[in-house]
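Report on one structure; see the data block that follows.
The values are calculated or read from the model by the stated rules, or taken from the named source; none is laboratory data. Keep in mind that this is a model prediction, so the values were computed, not measured. Cβ placement follows ideal geometry from the backbone for every residue including glycine, while neighbour counts extend to all protein chains displayed.
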């Protein structure tokens, strides 16, 4: 893999436009639990059955209990070498965009600014009635109320069956089609719309690079597949880029 890594490093050194996509594998290196949890259940509920608009409408207190539990778990996690390496890559590349499927906020904590949080953030809340939205790191009551209109607040994440925040997909696609290098990090890219991003980048002439501990079902699509921990691979890739 060393030869491929050096080739990717050389390409990054001369690139003006880079788009990176990250998934749960990056956060796992910080100890962030996977969405399903160790046994696939949370209090006998499948998490994917709770992360839905209809579940929130029917059982808002249960859904908020689930999200407050997730917030407590993530609160103790810190950015890892991969998060910091991507923040540094942003500083080195003139036109850079980081797209993440993660909702833990660790990329922003590590210093990433040119960041698209496709699925929102555990640390944002928004009103179910008015336009009020804010970041909230403090513990929340079982049924938090909007300070503006008094209606129920909800987690600022994109649930199953909901569209992405308006404009997010448009900006993402626009940047991917202009990228010289597309990095897919810690994700198998099997869930839409992210599943289409590597092929979209490739179709528009980008060099595509996968960084993952193990091969994924779409590893063969990429020009380079670098197998290893994201923190280790990315740290090596950015070393000396500013020389």
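Here are the numbers:
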| quantity | calculated |
| --- | --- |
| Set 106, 115: member being touching a helix residue (DSSP H, G or I) at 6+ places or on another chain (Cβ under 6 Å) and surrounded by fewer than 21 Cβ atoms within 10 Å (Cβ to Cβ) | 115 |
| Candidate set: the stretch 117-151, residues that are free of Cβ contacts under 8 Å to residues at least 12 places away in the same chain and either outside any strand (DSSP E or B) or in the same structural domain as residue 26 (by TED's automatic domain parsing) (or both); chosen: the one farthest from the chain's Cα centre (by Cα) | 150 |
| Which listed residue is surrounded by 19 or more Cβ atoms within 10 Å (Cβ to Cβ), more than 19 Å from residue 24 (Cβ to Cβ) and over 15 Å from the mean Cα position of the chain (by Cα), from 225, 206 | 206 |
| Which numbered condition residue 109 fails, given (1) outside any strand (DSSP E or B); (2) in the same structural domain as residue 92 (by TED's automatic domain parsing); (3) in contact (Cβ under 8 Å) with a residue 40 or more places away in the chain | (3) |
| Test: residue 166 is touching a residue at least 12 places away in the same chain (Cβ under 8 Å), surrounded by fewer than 20 Cβ atoms within 10 Å (Cβ to Cβ), on the phi < 0 side of the Ramachandran plot and over 15 Å from the mean Cα position of the chain (by Cα) | no |
| Sole exception among (1) modelled with pLDDT of 95 or more; (2) on the phi < 0 side of the Ramachandran plot for residue 150, by number | (2) |
| Conditions (1) crowded, with 17+ Cβ neighbours inside 10 Å; (2) at pLDDT 95 or above; (3) not in a helix (DSSP H, G or I): number failed by residue 78 | (1) |
| Residue in the stretch 37-59 that is in contact with a strand residue (DSSP E or B) (Cβ under 8 Å, 6 or more places away or on another chain) and either over 20 Å from residue 119 (Cβ atoms) or not in a loop (DSSP other than H, G, I, E, B) (or both) present | yes |
| Any hit, the stretch 180-198, residues being surrounded by fewer than 16 Cβ atoms within 10 Å (Cβ to Cβ), modelled with pLDDT of 95 or more and not in a loop (DSSP other than H, G, I, E, B) | no |
